[in-house]
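Laboratory data are not the source of any read-out in this text; all were calculated from the coordinates shown. All of these numbers come straight from a predicted model, not from anything done at the bench. Here the Cβ positions follow ideal geometry from the backbone for every residue, glycine too, while neighbour counts run over all protein chains shown.
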Amino acid sequence: MFYGFILKRKLAFAGFVALVIIATTLQNITPYFFKLFVDEIPKLNYPGLIKLLYMFIAVNISGLLFNIASFWVGDFVLFNSAKEARLKIFNYIQSLDFAFHTGKSTGSLISAFKRGDSAFFTLFFEIHHRILEIVVSAFVMFFFFLRLDIRIVLFAFLSVAVTLVVTKFIISFNIKKRSIFNEKEDEISGILTDNLINYETVKLFAKEKWEENRLKDKFVGWIKALWGYGNSFRLIDFSIGAVTNLGLFLILFVSLQNAVHLKLTVGDFVLVTTFVGLFFSKLWELVFSLRDIAKTYADIEIYFGLLDNEITVKDPEKPVKLGKVSGRINFNNVSFSYKDGKQDALKDFCLKIKKGESIALIGKSGSGKTTAVKLLMRFFDTTKGNITIDGIDIKNLNKDKLRSLMGVVPQEPILFNNTISYNIGYGLPAGKAGKENATLGEIKAVANLANI
Ligand SMILES: Nc1ncnc2c1ncn2[C@@H]1O[C@H](COP(=O)(O)OP(=O)(O)OP(=O)(O)O)[C@@H](O)[C@H]1O
Ligand SMILES: [Mg+2]
């Protein structure tokens, strides 16, 4: 899924990977220059040394330029694909049914969205800049070590392999701890959002202290989960520290042995120590990088998992095109049960509304009046029976089209955080009369009608 978005720009992505490989190679041959310097100095060849210096700086600067270019091309791919992922998920959430929206926790959804989006950036950076760079620098190092002693290559390679295996196990443990922590964190943000939205009710019932205690209770599990998560990092630190130190010991042991037996020049020894010094700190980076990937992996799974929510109220494959609507509405033996909720919220409900007729539904609370209206709007589909407009089953109409036929005044006025004019203009159903937006004249006219 992640690469589904990234690979929409295949060429740019391939260029980016090539740039990272070139930049990293250039930036990682420094130890070789050090070796050349050390071996050349005793020869007292001043012009040769200066020439070497020029080459060294030229390689460094090219590495820097390629690195900047790689970031530039990478960001082009990243920014656009992150935007497209966000838009796709936003559009999908919008198209989800009423049932999803009534059942969702807005706080958790917002954090899933935010975490997912930042995970997208982190994952891209970690995989393509950090991990790819480490892999390339390992190859560069192996290439130079091969000329010296195959055992050095072997020990360096083993250190990487063992680090990867150990990391794999501890990281799956770490992901589990992270998921547990995320759940606790969501519960907390759920309470915060709930509290901020319902501030009026909280104040009306003087429940501030109660709300505070509700939050405090949730923090008990939160702290426990956070300790579990934090300690899983200590485990990573310890295991990887042990592996890298063992690798370091073996490589230096072999190199010192070779140096004493004059199989390595002083320059070669400098080459080994500088490469190893640089690379083993990179191995730590690899672990931290995998750790970050593990951390964000759970987030990105939840983010893209949003696309797995099923749309149950679907548009018909071949929608009926409506001409002018006269407004005859029939409920024919309609029954409806809420999923995981009230069974038979409506049962065998029949109603015929004639053209131009004004009617009111009156009944005691919970008798199903709002449910009937929601079924008419296709917020849900009937469990049994059907609803027709001018004799056409509403399941054969596009949801947008159907809803644009109706004007609704909800019980609770809800305003967007925008101007009054924006809020009034919002009432123009999408695409009505072929227009996207209401004109200022129309907005003023309806405002006058409503005495606003
Ligand atoms: N989202 C929901 N999930 C589960 N059950 C629901 C849901 N919405 C309503 N119900 C249940 O369905 C039944 C019908 O509710 P509905 O809101 O249609 O009644 P109403 O006639 O509009 O009531 P009121 O006069 O209080 O507005 C009630 O028992 C209600 O508890
Ligand atoms: Mg109601």
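Ranked by the mean number of other Cβ atoms within 10 Å of their residues, highest first, the peptides 184-190, 353-359, 26-32, 209-215 come out as 26-32, 184-190, 209-215, 353-359.
How far, in degrees from 0 to 90, does helix 46-95 lean away from the longest principal axis of the Cα atoms of the chain, to the nearest 10? Long axis of 46-95 versus the principal axis of the chain: about 20 degrees. Computed across segment 1-67, the Kirkwood hydrodynamic radius from all distinct Cα-Cα pairs reaches 14.1 Å. Is any residue of segment 211-231 close enough, with backbone N under 18 Å, to a label point placed 7 angstrom from the Cα of LYS176 along the Cα-Cβ axis, and if so, which? Within reach of a label on LYS176, which here means backbone N under 18 Å from a point 7 Å along Cα→Cβ, segment 211-231 contributes 224-231. Using θ = phi - 60° and the Karplus relation 6.51 cos²θ - 1.76 cosθ + 1.60, list the HN-Hα couplings for segment 237-243 in order, rounded to whole Hz, with x at every Gly or Pro. So the Karplus estimates, Gly and Pro as x, are 3, 5, 5, 5, x, 5, 5 Hz. Say the dipole of the chain comes from +1 at the beta carbon of Lys and Arg and -1 at that of Asp and Glu; which of PHE13, GLY305, LEU351 then lies farthest toward its positive end? Final value for the positive-end residue is LEU351.
Remark: spin-label model distance SER62-LEU196 equals 5.3 nm, labels positioned 7 Å along the Cα→Cβ axis.
Normalising by residue count, the chain has a Cα convex hull of 232 Å³ per residue.
Dividing the summed helix terms, -39500 (n - 2.57) for each DSSP H run of n ≥ 4, by the number of residues in the chain produces a 222 nm estimate of -23000 deg cm²/dmol to the nearest 500. Across all Cα pairs in segment 1-153, the calculated P(r) in 5 Å bins from zero up to the longest distance comes to 2, 8, 13, 14, 12, 11, 9, 8, 7, 5, 4, 3, 2, 1, 1, 0, 0 percent per bin.
Averaging Cα coordinates gives a centre for segment 15-91 and one for segment 341-361; these two points are 71 Å apart.
For the residue pairs LYS374/LYS401; LYS83/LYS401; LYS318/LYS401; LYS114/LYS339, the C-alpha atoms sit more than 18 angstrom apart in LYS83/LYS401; LYS114/LYS339. Distance between the C-alpha centres of segment 116-159 and segment 318-339: 62 Å, rounded to the whole angstrom. The overall shape of segment 357-426, judged from the alpha-carbon gyration tensor, is oblate: a/c is not under 1.5, and a/b is no greater than b/c. About its Cα centre, the dipole of segment 2-308 is roughly 320 debye, where the only charges are +1 on Lys and Arg Cβ and -1 on Asp and Glu Cβ. Shape summary: segment 312-359 maps onto an equivalent ellipsoid whose semi-axes, from the alpha-carbon gyration tensor, are 25, 19, 8 Å in decreasing order.
For segment 314-407, the equivalent ellipsoid built from the Cα gyration tensor has semi-axes of 22, 17, 11 Å, listed from largest to smallest. With respect to the chain, whose longest principal axis is taken over its alpha-carbon atoms, helix 10-27 is tilted by about 30°.
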